[in-house]
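See below for the structure under consideration.
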Amino acid sequence: RASLSNTHDASETFLFQKAATELAQKADEQTLMWQRRVSQLEMAAQLNTNMERVRAHQRENERARAHQQENNAASLRDTARSSEQARAHQQESERAKAHQRESEHASLRGTHPTPRPE
């Protein structure tokens, strides 16, 4: 009778140990699964952070490019204005030289040139 009881106790102990081992394995599997999930979420969060940094850099680059284009356009306008002023001065200088030559020729002939238009 004691032998049967011992066998029953041993069998019960074995079943409890087996159940405990299975539960521990399932807990380990769940822990690994959640660790992987946490790792995936951390990577996704890092990716989102990196992507936001990239978007911020892109916005800054676009602002800088727009500013550069504005500066280029202003520079082209300034250059065009300067060129137009230089042409106007050149034309005025040529008119003055022509008038001077006309005056010199007229004085040699003894006539007076027509007044220079302003």
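See the values below:
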quantity	calculated
Net charge of Cβ neighbours under 14 Å - reference GLU29; Lys, Arg +1; Asp, Glu -1	+1
Residue among GLU60, GLU70, GLU22 with the largest mean-square fluctuation in a Gaussian network model of the chain, springs linking Cα atoms under 10 Å	GLU22
Of GLN69, ALA19, HIS8, farthest towards positive along the dipole that unit charges on Lys, Arg, Asp, Glu beta carbons give the chain	GLN69
Gained length - PHE16 relative to ASN72, 0.36 nm times residue gap less alpha-carbon distance	11.9 nm
Cα-centred dipole magnitude for the chain, charges only on beta-carbon of K, R (+1) and D, E (-1), debye, nearest 20	460
Efficiency of FRET between ARG63 and ASP28 - r from beta-carbon atoms, R0 41 angstrom, step 0.05	0.20
Theoretical gain in end-to-end length, LEU41 to GLN91 [0.36 nm per residue, Cα-Cα removed]	10.6 nm
Of ARG101, ARG36, ARG59, the one that fluctuates the most in a GNM where the chain has Cα springs shorter than 10 Å	ARG101
Selected from SER103, SER75, SER83 as most flexible by GNM, with the chain as the system and alpha-carbon contacts under 10 Å	SER103
Accessible area in square angstrom per residue, the chain, 1.4 angstrom probe	91
Using θ = phi - 60° and Karplus 6.51 cos²θ - 1.76 cosθ + 1.60, couplings along the stretch 35-45 (whole Hz; Gly, Pro as x)	5, 5, 5, 4, 4, 4, 5, 5, 5, 5, 5
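The values are calculated or read from the model by the stated rules, or taken from the named source; none is laboratory data. Only a predicted model underlies this, so the values are computations on that prediction, with no experimental measurement involved. As a convention, Cβ positions derive from the backbone with ideal geometry for all residues, glycine included, and neighbour counts pool all protein chains shown. Ligands, DNA and RNA are stripped out before the accessible areas are found, and what is left, the full protein with its side chains, is counted by its heavy atoms. Shrake-Rupley method; radii C 1.70, N 1.55, O 1.52, S 1.80 Å.
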